[in-house]
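Q: I'd like to ask some things about the structure below.
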Amino acid sequence: MKKTAAALLLCLGLTACSPIEEGAVPAGGDIETSSSSVSENTTEPETTEGTTETTTENIIAETTAESETTAEEVTTETESVISETASETVIDTENRPESITLSTYEIQLTVGEKKMPIVTMLPADCPDKSEIWESDDTAVARVDGYGNITGISEGSCTVTVTAAANKSVSASVKVTVTAPPQTHGEPTYIDGILIANKTYALPEDYNPGVQPEAEAAFKEMQSAAWNEGLNIWIASGFRSYEYQSGLYQRYVNRSGKEEADRYSARPGHSEHQTGLAFDLNSIDDSFADTAEGKWVAEHCHEYGFIIRYPKGKEDITGYIYEPWHIRYLGKETAEKVFNSGLTLEEYLGITSVYAE
Ligand SMILES: [Zn+2]
């Protein structure tokens, strides 16, 4: 019932689903706090190898001291020490990586931004310099096998690189991720896809209008549907930041902020501001059960669209099921996302959560 109510509100409000951001989400304060907390732990390129060396030296030193007593005993002991060491290590110790240093131990990213520290693994001639990269909080930052670190959402985490050939050798980078620019600057692209959701805002002055390629794709889809006796039309297309501000405020006045956030975007966070999203026909849950709604769900990916807010995915997309809201991604990407069975957020490994 809530959904239906929300949908009705949408209709009343001249088409409304979608995300916006609130002109000024707490950008400044939070960010500064988190970045300053980072500078605490910095230089700590592992000391593991150092420890190992020391131990070995100690053994040798002890052996030497004893050698004053009995020459024969010393020889035997030394041999046994060496053989033990060899059996423990098994691998050719001399050519294993002994240390890792990084070009930086602190990285600051905005959401969606990517940076890579440069790794130096010594000795320079060790044959296997493979790296294992890990993030201790992939909701904050992800890292690929090459050390490209991508900011996912606001927060701090640690990214560690370990030598595959000697797991006791590693180094860590403290990563701090701050919110993307809220009102100015550039929109966020992830893997080439323009993103507008609760995490990623569009600049206030981003005002592209309906994108011609999306419109052309819609017309192609519309005529294919028409040939099957179905009538689909765009009830709401491009919406500017300013328009969304008014729309969202009306919903907040009507149902409160918490409820409004489930179906309407704050200004800057609406996918309609990309010019790549359309609401079709009735903008109501009942659309899913119409012949048109079923056809769109089944075929829209063939024309480059996805159902952006699928059923049961509110926790991931940030929005209730909206069978009427489609997003243009281009045919190739839409096919991939459709076949993956994932939401766009899952497909890209990103979040959709207001910073607040
Ligand atoms: Zn919509």
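FYI, it's all coordinate maths here, none of it is from the lab. Note that the coordinates shown come from a computational prediction; the quantities given were computed from them, not determined experimentally. So basically every Cβ, Gly included, is an ideal-geometry build from the backbone, and we count neighbours across all protein chains shown.
Q: Mind sorting SER352, SER286 by how few other Cβ atoms lie within 10 Å of their own Cβ, fewest first? Don't jump to the answer; show the numbers that get you there.
A: Numbers: SER352 24, SER286 14.
In increasing order of surrounding Cβ atoms, one gets SER286, SER352.
Q: Using θ = phi - 60° and the Karplus relation 6.51 cos²θ - 1.76 cosθ + 1.60, list the HN-Hα couplings for the stretch 214-222 in order, rounded to whole Hz, with x at every Gly or Pro.
A: So the J values, rounded to whole Hz, are 6, 5, 4, 5, 5, 4, 5, 5, 4.
Q: For the stretch 291-356 and the stretch 217-256, what is the separation of their Cα centres, given in Å?
A: Value for the Cα centre distance between the two parts: 15 Å.
Q: Further question: Please state the relative contact order of the stretch 124-255 as a whole percent: Cα pairs under 8 Å, 6+ residues apart? Could you put the intermediate results ahead of the total?
A: Details: 165 pairs, mean separation 18.8, N = 132.
Answer for the stretch 124-255 is 14 percent.
Q: Can you list the residues, at least 5 places off or on another chain, whose amide H is less than 5 Å from the amide H of ILE190, using H built in the peptide plane?
A: The list, which skips near neighbours in sequence, is ILE195.
Q: Treat the count of other C-beta atoms within 10 Å as a stand-in for reagent exposure and order ILE190, ILE307 from fewest to most.
A: ILE190, ILE307
Q: Going by amide H atoms built from the backbone, whose H comes under 5 Å of the H on SER236, apart from near neighbours?
A: ASP279
Q: Check ALA164: other-chain or 5+ apart residues with amide H under 5 Å from its amide H, H built from backbone geometry?
A: Amide H to amide H, under 5 Å and 5 or more residues apart or across chains, ALA164 pairs with SER130, GLU131, ILE132.
Q: Only counting other Cβ atoms within 10 Å, I'd like CYS157, CYS126 sorted with the fewest neighbours first.
A: With the fewest neighbours first, CYS157, CYS126 line up as CYS126, CYS157.
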